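The values are calculated or read from the model by the stated rules, or taken from the named source; none is laboratory data. Nothing here was measured: the structure is a model prediction, and the numbers come from that model. Ideal geometry is used to build each Cβ from the backbone, glycine not excepted, and the neighbour counts take in all protein chains shown. We work out accessible area using only protein heavy atoms, side chains counted, and drop any ligands, DNA or RNA first. Shrake-Rupley method; radii C 1.70, N 1.55, O 1.52, S 1.80 Å.
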Amino acid sequence: MMDADPLILTLAFDEPTFARFDGERRRYFPESLNRIPAHATLFHHLPGDRERGVIEAITALARTVPTPEVAVTGLRFTGRGVAYVLESDALSNFRARLAQGFAPHLTAQDRQGWRPHVTVQNKVAPDKARALHADLSAGFAPFRFAAPATLLWRYRGGPWDAVARLPFGEND
């Protein structure tokens with residue numbers, strides 16, 4: 001019997017971008033709650049009992065997509081945290097095509113509009129989040145990064161277990 005714990009699909013960052021986001025997440029996220037590295041979620045809940053099919057579908061589509069460039073365009077105050085806002089037409093199109101294929105299996109959270117972001121602070125008092133948002137916004141300059149792959153994880157209630165790295169493009 002296959003594992004029924006859900007699968008999560010996130011975006012891989014290039015090394016400098018990961019170092020920046022994860023460093024800020026370790027600095028600003030409450031330590032007792034920070035169980036996973038910085039990430040941008042494409043899907044929160046894919047069917048864990050269909051792991052092989054999920055991997056095959058993502059791999060087949062990702063091979064047809066050149067490595068997406070992603071723009072980091074600003075910061076979002078979330079009420080109890082702060083997130084970087086991401087924009088990429090190529091990535092949005094990739095996710096939309098996957099969503100069509102996985103439609104019968106998607107949860108309400110994954111069916112709603114996708115707003116790509118990287119959370120570096122969450123679950124803090126609103127005034128603390130507002131202060132960090134102001135601090136990070138004051139020094140923010142938009143930048144871009146290459147997203148070399150997607151990362152598939154298994155959710156087990158705490159830290160995530162890595163399942164697969166699924167690269168974009170034929171030659172990655």
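Only one residue in Arg35, Arg50 is under 24 Å from Asn122 (Cβ atoms) and either of a type outside the set (Phe, Trp, Tyr) or modelled with pLDDT of 95 or more (or both), so which one is that? That would be Arg35, the only listed residue that is under 24 Å from Asn122 (Cβ atoms) and either of a type outside the set (Phe, Trp, Tyr) or modelled with pLDDT of 95 or more (or both).
Would you confirm, using the coordinates I've provided, whether Ala134 is surrounded by fewer than 13 Cβ atoms within 10 Å (Cβ to Cβ), farther than 25 Å from Glu69 by Cβ and not acidic (Asp, Glu)?
Against the criterion (surrounded by fewer than 13 Cβ atoms within 10 Å (Cβ to Cβ), farther than 25 Å from Glu69 by Cβ and not acidic (Asp, Glu)), Ala134 qualifies.
Scanning the stretch 123-154 for residues that are over 15 Å from the mean Cα position of the chain (by Cα) and of a type in the set (S, T, N, Q) returns a single hit, Ser137.
Does Leu98 satisfy being farther than 17 Å from Arg154 by Cα and either of a type in the set (Ser, Thr, Tyr) or surrounded by 14 or more Cβ atoms within 10 Å (Cβ to Cβ) (or both)? So Leu98 fits the description; yes. When the stretch 23-80 is filtered for residues that are in contact with an Asp or Glu (Cβ under 8 Å, 6 or more places away or on another chain), open to solvent by 40 Å² or more (accessible area, probe 1.4 Å), β-branched (Val, Ile, Thr) and not in a loop (DSSP other than H, G, I, E, B), only Thr73 remains.
Looking across the stretch 147-172, just one residue is open to solvent by 80 Å² or more (accessible area, probe 1.4 Å) and aromatic (Phe, Trp, Tyr), and that is Tyr155.
Of the residues screened, Thr17 is not one that is hydroxyl-bearing (Ser, Thr, Tyr), surrounded by fewer than 19 Cβ atoms within 10 Å (Cβ to Cβ) and at pLDDT 95 or above. Comparison of Arg115, Arg144 shows that the only residue that is part of a strand (DSSP E or B) and open to solvent by 80 Å² or more (accessible area, probe 1.4 Å) is Arg144.
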